[in-house]
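**Q** Quick one: the structure is below, and I'll ask about it shortly.
The values are calculated or read from the model by the stated rules, or taken from the named source; none is laboratory data. This is a predicted model, so every value here is computed, not measured. Cβ atoms come from the backbone with ideal geometry, glycine included; neighbour counts cover every protein chain shown. Just the protein is used for accessible areas: all its heavy atoms, side chains included, with ligands, DNA and RNA removed. Shrake-Rupley method; radii C 1.70, N 1.55, O 1.52, S 1.80 Å.
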There are 2 protein chains.
Amino acid sequence: MAIDYATIRTTLDFYLNDWLEIDRLCERPRFADHGPETFSGVLDLCERLAAERFEPFNRLVDTEEPHFDGTHVSLPAATELACKAYAESGMLAAAQDADIGGMQLPCTVEMAANSFFSAASIGIRGYSMLTVANANLLMAHGSERQRRVFAHPQFEGRWFGTMNLSEPQAGSSLSDIATRAVPDGDGYASDPLGPRYRISGRKMWISGGEHAMGENIVHLVLAKIPDPEGRLPAGTKGISLFIVPKFNVDADGRLTGERNDVSLAGLNHKLGYRGTVNTLLNYGEGGGAVGYRVGDAGFGLTYMFHMMNEARIHVGLGAAMLGMAGYLESRDYAFQRPQGRPVKLGRGAGKDAAQEPVLIARHPDVRRMLVAQRSYGEGAVALCLLCSRLVDEEHTGTGGAALEAKALLEMLTPIAKSWPSEWCLEANSMAIQVLGGYGYTRDFPVEQHWRDNRLNMIHEGTHGIQAMDLLGRKVVMENGEPFRLLLRRMRETVAAASELDRLLPLASELGGALLRLEHATVLAWASGSAPEALANATAYLRAFGHVVMGWIWLDVARAAIQAGNSERRSSGFVEAKIVAARYFIFHELPLVEAWLRPVEQCDRIWLDLPAEAV
Amino acid sequence: MAIDYATIRTTLDFYLNDWLEIDRLCERPRFADHGPETFSGVLDLCERLAAERFEPFNRLVDTEEPHFDGTHVSLPAATELACKAYAESGMLAAAQDADIGGMQLPCTVEMAANSFFSAASIGIRGYSMLTVANANLLMAHGSERQRRVFAHPQFEGRWFGTMNLSEPQAGSSLSDIATRAVPDGDGYASDPLGPRYRISGRKMWISGGEHAMGENIVHLVLAKIPDPEGRLPAGTKGISLFIVPKFNVDADGRLTGERNDVSLAGLNHKLGYRGTVNTLLNYGEGGGAVGYRVGDAGFGLTYMFHMMNEARIHVGLGAAMLGMAGYLESRDYAFQRPQGRPVKLGRGAGKDAAQEPVLIARHPDVRRMLVAQRSYGEGAVALCLLCSRLVDEEHTGTGGAALEAKALLEMLTPIAKSWPSEWCLEANSMAIQVLGGYGYTRDFPVEQHWRDNRLNMIHEGTHGIQAMDLLGRKVVMENGEPFRLLLRRMRETVAAASELDRLLPLASELGGALLRLEHATVLAWASGSAPEALANATAYLRAFGHVVMGWIWLDVARAAIQAGNSERRSSGFVEAKIVAARYFIFHELPLVEAWLRPVEQCDRIWLDLPAEAV
């Protein structure tokens, strides 16, 4: 059974055209050469590539996981072919300026187009995502020559890129990294490629850290520059960012033929996401890897977060598309598998065995699992596309609108990262359940989706980190103004949806949840003490996420009804959106109240706990 | 890192001695030869066997999954050695009469002792569980000779046993099985081993269906006896039960040297639980497998459910122990891994990088994940042991008490099966999260726990089936009397806990949830129509399960305080139980209200759904 790309496409088209109205972006100078046809052409191309080059090999890259023989890392040939086809499509430079060979696409369209690859094979997709993120960072913060030498070959698909943050002893805690960068001789500051250092240390969890694809790998490495006494500065403010190529290059980016002092210490053998090789890298075992500083010393984490925020939306969209893939697979199955009979009318749960078996899609509990999956998957896709639309607004909108977009994006990023990671994993578990015993076998893809998706709550900032970011930073930043802006936007949706008879009860339900969330936020910070406020941050994150998703679904349902009224969408399409919104708001949103209770009460349970009670 | 068996043992000892007061069982004639020392000796033995023979091979049986070369199924040698050691311990006959070589142990002690094996390697444990369940069924419903020929060799560990219910086209829907049993010649009724039939058909998802361990495999097979026109009777009432040995035997149970007509069609390659071989079996490809009917024709499902109800508690306990294993592993990790710093006092979520990193067990969110895991794991163990205590009461109690125990057991069985399967899976996911990236690798056991545990919501009656059983049958049977009995018992606990200052707020919370559950049950059935009542059965199951677990925790906390007052338990031990109860009742129980909403409203969403909205 192949993925039903048509359903994905219809969903994306509706979000892009009817909900986010991306045609308006074409009025802006940057996107003036684009129109519905070019956008549609990109989606067509990516859908086809994903179906032909990615999906058929998704199980293969899981079973034939990356292998290290002590000298080389080997990947299945299909991985390299898929990456080549992706590069040839031009998608690596989809959002770049035309004058460097880019398509100058809006981020919204780029994200939507890339979502096909995540559904088809998240493991193979990893390489291009990392490469583009790496090159984007260099375009934003690198020197002109760094951009030309290190970023452009990545957009061309000749080189690959990685991000090196974690170390074995420091995962989420970047302030504790111990990788050192020492100025490389007296002339270190005059290297045309940037201030030159020698890097030494160990980097853990590095995706794409070693393989034989492409001509080179550009590692972006966080490290600390020791003070004259050789001590590393404490905290995150002492972190700088370095470009460390796998193979050394001259000032014009030509390979010198020398290998840099970066070596593979080992591969991590993962539960899922096996298509993306994940490595432990040793820097400087032979005296120090050559690295070129990006920007100013001490700003490494700031630069990295430029990339990280985009990466977090990508993680969310990847999780969302795994959710969609599982939903579509289990829906197909439910409409093909006959089993059981409807419950008989009257008292007692009996069934009439004389009747023919029905398709399992008839059973209420199977329907529940399918609609819940859709509400998670499609809802998460909507949230991530909204975030990418905010990126476009931040970059190409006018003053006030751009600033508002930036503020909303910062508010929503922890949700876009965490909510799909948590709930589309749950969706994947439901897909297994719909298939029953078959879902538990490796003959169907749903078990792999579930394993692959489990990573998303961990990488690019764990769930707990997102919770601290949201309650500890985002809702209180700028005196809470961005939070109030988000609340206003959500209330505008409540008001608009209240005008529609079918959405009025849903709008009223969301309105209540908004009040509760706002109130809980005040109560959480009532003591003014961060440890108390943040003690129940994860419960707050869950509640906040569900409120945001209630808002998304209410607004999506509103847009669907509007599109139906103007006959741009069928009544069946509109009905499906209303059902998902109704399910989410009536069956899921009430959970918010329960999650917020310990937040409102500033429950000190986790602070006062004796060690033996853990 | 090995499993911390000492914590498991302390937990079991407390439940058995302080909470369930099993010493009182020794006053009964059946258990008169037992006392605290013999019970303790059995637990010692099983703890040691699990640690030495099961746990060291748990990863091995996952990576070297059963292999079929077209002729033989091969398992790792460790599996056979572990099964032999288990058989030699006498645990296969732990609950059997002394006069057939059994230990005549209470079911409660048997279950508690076996729980070590589930924690150590659920995959290896599968073989003995199935074998005992098979033999138990024969002891209850087989003829004297069937018991001697087919059950006794299983208790001795010479033969293995399986259960054959599902077929490829009929998983949960047993009324649709198509395996046939035709009387084997005119003298079929006079075979000393029981009425002899020829069996043909295909059986799917058969655990332990083929391997080379032991001398024989006893398959218990559900099949239908065709009418004179060759038609199979409709529904479950047409199902009979047959003994089909892998190797034929004579009237005294000696192997004839002939292989019966049962063959392996293939192995199922699973997501987890790989230590237990799972098969598709073909019966009667060579003309019909010899099978001996158990009991009366048409009562096959009734007999099978005798076994199934016990199996469901075993599934629950297995899920619970996987939850415990993940909890203990992640707790060990959290007390060894330094990372990050406490949040600083005052506004803002900043941390003081100049301080030394702390153990992650200090972080509130890690504590939350550990306590939540403990509340799920230990709570689920308590529930399953309570059920086994009810089995003992049903079998050895006096008239009224035995009948009440039977009624409570029937009420609680769907919860004992479903609740640990759902929430200890969630616990296993939290264990992964505590370990972060390391938890996602196969270097730690937590990812395997999570994969192994995912089966438990599927086999022995899916989650949805448990929900229909609970709301469609259990709460309404006997005019609702067993349900009211359970409510009375829970209210007695509320009353008793209300006497204790520290538990009063918890008791009051549970009291509210009980009212809500009782009311929702009435509302669900208000229309008197089964399809409407059952439309939200799974939401009801979740709510019911959490209420039961709230009750369990309140009662466990009460018993802990009592044990603390009489100085049988340390204050740290008591505190840990109160913390878990407090977490569960204040942070989890409030979810009940949200889950019950669609039940109370008899939300018709799943009944009225157009196909395109699924």
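**Q** Between A:Arg341, A:Arg368, which is surrounded by fewer than 21 Cβ atoms within 10 Å (Cβ to Cβ) and of a type in the set (Lys, Arg)?
**A** A:Arg341
**Q** Taking segment A:461-491 on its own, how many of its residues are among the acidic types (Asp, Glu) and more than 19 Å from A:Glu310 (Cα to Cα)? If you could, list the steps in order and put the result at the bottom.
**A** Taking segment A:461-491 as the starting set, the residues that turn out to be among the acidic types (Asp, Glu) are A:469, A:478, A:481.
Subset that is more than 19 Å from A:Glu310 (Cα to Cα): A:478, A:481.
Qualifying residue count, segment A:461-491: 2.
Table: residues versus (1) on the phi < 0 side of the Ramachandran plot; (2) part of a loop (DSSP other than H, G, I, E, B); (3) at pLDDT 95 or above; (4) not β-branched (Val, Ile, Thr).
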| site | (1), (2), (3), (4) |
| --- | --- |
| B:Ala2 | yes, yes, no, yes |
| B:Thr10 | yes, no, yes, no |
| B:Phe14 | yes, no, yes, yes |
| B:Asn17 | yes, no, yes, yes |
| B:Cys26 | yes, no, yes, yes |
| B:Arg30 | yes, no, yes, yes |
| B:His34 | yes, yes, yes, yes |
| B:Phe39 | yes, no, yes, yes |
| B:Leu43 | yes, no, yes, yes |
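**Q** Which of the numbered conditions does A:Gly90 fail, given that it passes all the others? Conditions: (1) surrounded by 24 or more Cβ atoms within 10 Å (Cβ to Cβ); (2) at positive phi.
**A** (1)
**Q** If you take the residues of segment A:173-191 that are within 14 Å of another protein chain (Cβ to nearest Cβ) and part of a loop (DSSP other than H, G, I, E, B), which of them is most open to solvent (accessible area, probe 1.4 Å)?
**A** Per the stated criteria, the residue is A:Ala178.
**Q** Going by what's in this entry, would A:Leu403 be described as closer than 30 Å to A:Glu27 by Cα, away from chain B (no Cβ under 14 Å), among the hydrophobic types (A, V, I, L, M, F, W, C) and open to solvent by less than 10 Å² (accessible area, probe 1.4 Å)?
**A** No: the conditions fail for A:Leu403.
**Q** State all residues of segment B:443-462 that are in contact (Cβ under 8 Å) with a residue 40 or more places away in the chain and either among the hydrophobic types (A, V, I, L, M, F, W, C) or within 10 Å of another protein chain (Cβ to nearest Cβ) (or both); if no residue qualifies, say none.
**A** Correct list: B:Phe444, B:Val446, B:Gln448, B:Trp450, B:Arg451, B:Arg454, B:Leu455, B:His459, B:Thr462.
**Q** May I ask you to say which residue of A:Arg374, A:Arg312, A:Arg331, A:Arg367 is assigned to a helix (DSSP H, G or I), out of contact with any helix residue (DSSP H, G or I) (no Cβ under 6 Å at 6 or more places or on another chain) and outside the structural domain of A:Val132 (by TED's automatic domain parsing)? Lay out the reasoning, then the answer.
**A** Working: A:Arg374 fails: out of contact with any helix residue (DSSP H, G or I) (no Cβ under 6 Å at 6 or more places or on another chain); A:Arg312 fails: out of contact with any helix residue (DSSP H, G or I) (no Cβ under 6 Å at 6 or more places or on another chain); A:Arg331 fails: out of contact with any helix residue (DSSP H, G or I) (no Cβ under 6 Å at 6 or more places or on another chain).
The match here is A:Arg367.
**Q** For segment B:559-599, how many residues are away from chain A (no Cβ under 11 Å), over 26 Å from the mean Cα position of the chain (by Cα) and part of a helix (DSSP H, G or I)?
**A** Selection size over segment B:559-599: 5.
**Q** Suppose the filter is on the phi < 0 side of the Ramachandran plot, modelled with pLDDT of 95 or more and open to solvent by 40 Å² or more (accessible area, probe 1.4 Å); does A:Arg484 pass it?
**A** For A:Arg484, the condition - on the phi < 0 side of the Ramachandran plot, modelled with pLDDT of 95 or more and open to solvent by 40 Å² or more (accessible area, probe 1.4 Å) - is met.
**Q** Let me confirm something: among A:Leu317, A:Leu222, which residue is buried (at least 24 other Cβ atoms within 10 Å of the Cβ), more than 14 Å from chain B (Cβ to nearest Cβ), touching a residue at least 12 places away in the same chain (Cβ under 8 Å) and touching a Cys at 6+ places or on another chain (Cβ under 6 Å)?
**A** Details: A:Leu222 fails: touching a Cys at 6+ places or on another chain (Cβ under 6 Å).
Only one candidate passes the filter, namely A:Leu317.
**Q** What are the residues in segment A:427-442 that are over 30 Å from A:Ser172 (Cβ atoms) and facing another protein chain (nearest Cβ under 8 Å), if any?
**A** A:Gln433, A:Gly436, A:Gly437, A:Gly439, A:Tyr440, A:Thr441, A:Arg442
**Q** Something else about it: Could you list, in sequence order, all residues of segment B:355-364 that are in a loop (DSSP other than H, G, I, E, B) and facing chain A (nearest Cβ under 8 Å)?
**A** B:Pro357, B:His363, listed by residue number.
**Q** Moving to a separate point now. Answer yes or no: is there a residue in segment A:600-613 that is open to solvent by 40 Å² or more (accessible area, probe 1.4 Å), away from chain B (no Cβ under 14 Å), free of Cβ contacts under 8 Å to residues at least 24 places away in the same chain and under 30 Å from B:Val366 (Cα atoms).
**A** No, that holds for no residue.
**Q** Name the single residue that is nearest to A:Tyr438 (Cα to Cα) among those in segment B:245-255 being part of a strand (DSSP E or B) and open to solvent by 30 Å² or more (accessible area, probe 1.4 Å). Steps first, answer last, please.
**A** Of segment B:245-255, the ones part of a strand (DSSP E or B) are B:245, B:247-249, B:255.
If we keep only those that are open to solvent by 30 Å² or more (accessible area, probe 1.4 Å) as well, we get B:247, B:255.
Values: B:Phe247: 29, B:Leu255: 35 Å.
My answer is B:Phe247.
**Q** Looking at segment A:118-132, I want the residues that are under 18 Å from A:Glu156 (Cα atoms) and have a partner that is among the β-branched types (Val, Ile, Thr) and not in a helix (DSSP H, G or I) with Cβ atoms under 8 Å, at least 6 apart or on another chain. Which pairs are those?
**A** Taking only residues 6 or more apart or on different chains, the pairs are A:Ile124/A:Thr276; A:Gly126/A:Thr276; A:Tyr127/A:Thr276; A:Leu130/A:Thr162.
**Q** Checking B:Glu478 against (1) surrounded by 15 or more Cβ atoms within 10 Å (Cβ to Cβ); (2) within 14 Å of chain A (Cβ to nearest Cβ): exactly one of these is not met. Which one?
**A** Result: B:Glu478 fails condition (1) only.
**Q** Answer yes if at least one residue in segment B:123-134 is more than 23 Å from B:Asn282 (Cα to Cα), within 14 Å of chain A (Cβ to nearest Cβ), modelled with pLDDT of 95 or more and buried (at least 21 other Cβ atoms within 10 Å of the Cβ), and no otherwise.
**A** Within segment B:123-134, one or more residues are more than 23 Å from B:Asn282 (Cα to Cα), within 14 Å of chain A (Cβ to nearest Cβ), modelled with pLDDT of 95 or more and buried (at least 21 other Cβ atoms within 10 Å of the Cβ).
**Q** Given B:Gly572, B:Gly550, B:Gly564, B:Gly512, which one is crowded, with 24+ Cβ neighbours inside 10 Å and either without any contact (Cβ under 8 Å) to a residue 24 or more places away in the chain or not β-branched (Val, Ile, Thr) (or both)?
**A** The unique qualifying residue is B:Gly550.
**Q** Pick out the one residue from B:Gly238, B:Gly194, B:Gly209 that is more than 26 Å from A:Leu359 (Cα to Cα), within 14 Å of another protein chain (Cβ to nearest Cβ) and open to solvent by less than 20 Å² (accessible area, probe 1.4 Å).
**A** B:Gly209
**Q** Given the options A:Met111, A:Met139, name the one that is surrounded by fewer than 24 Cβ atoms within 10 Å (Cβ to Cβ) and either in a helix (DSSP H, G or I) or modelled with pLDDT of 95 or more (or both).
**A** None of the others qualify; the one that does is A:Met139.
Let's see how each residue does on (1) in a strand (DSSP E or B); (2) of a type outside the set (Phe, Trp, Tyr); (3) farther than 30 Å from B:Glu532 by Cα; (4) free of Cβ contacts under 8 Å to residues at least 24 places away in the same chain:
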{"site": "A:Gly287", "(1), (2), (3), (4)": "no, yes, yes, no"}
{"site": "A:Gly326", "(1), (2), (3), (4)": "no, yes, no, no"}
{"site": "A:Gln336", "(1), (2), (3), (4)": "no, yes, no, yes"}
{"site": "A:Arg341", "(1), (2), (3), (4)": "no, yes, no, yes"}
{"site": "A:Ala353", "(1), (2), (3), (4)": "no, yes, no, yes"}
{"site": "A:Leu383", "(1), (2), (3), (4)": "no, yes, yes, no"}
{"site": "A:Glu394", "(1), (2), (3), (4)": "no, yes, yes, yes"}
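**Q** Go through the residues of segment B:190-202 one by one and say whether even a single one is of a type in the set (Asp, Glu), outside the structural domain of B:Ala133 (by TED's automatic domain parsing) and over 30 Å from B:Phe57 (Cα atoms). Give the derivation first.
**A** So the first thing to find is which residues in segment B:190-202 are of a type in the set (Asp, Glu), and the list is B:191.
Subsequent filtering for residues that are outside the structural domain of B:Ala133 (by TED's automatic domain parsing) retains B:191.
Subset that is over 30 Å from B:Phe57 (Cα atoms): B:191.
So far as segment B:190-202 goes, yes, one or more of its residues are of a type in the set (Asp, Glu), outside the structural domain of B:Ala133 (by TED's automatic domain parsing) and over 30 Å from B:Phe57 (Cα atoms).
Residue-wise test of (1) out of contact with any strand residue (DSSP E or B) (no Cβ under 6 Å at 6 or more places or on another chain); (2) outside any strand (DSSP E or B); (3) open to solvent by 20 Å² or more (accessible area, probe 1.4 Å); (4) touching a residue at least 40 places away in the same chain (Cβ under 8 Å).
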{"residue": "B:Pro228", "(1), (2), (3), (4)": "yes, yes, yes, no"}
{"residue": "B:Leu232", "(1), (2), (3), (4)": "no, yes, yes, yes"}
{"residue": "B:Gly257", "(1), (2), (3), (4)": "yes, no, yes, no"}
{"residue": "B:Gly272", "(1), (2), (3), (4)": "yes, yes, no, yes"}
{"residue": "B:Tyr303", "(1), (2), (3), (4)": "no, yes, yes, yes"}
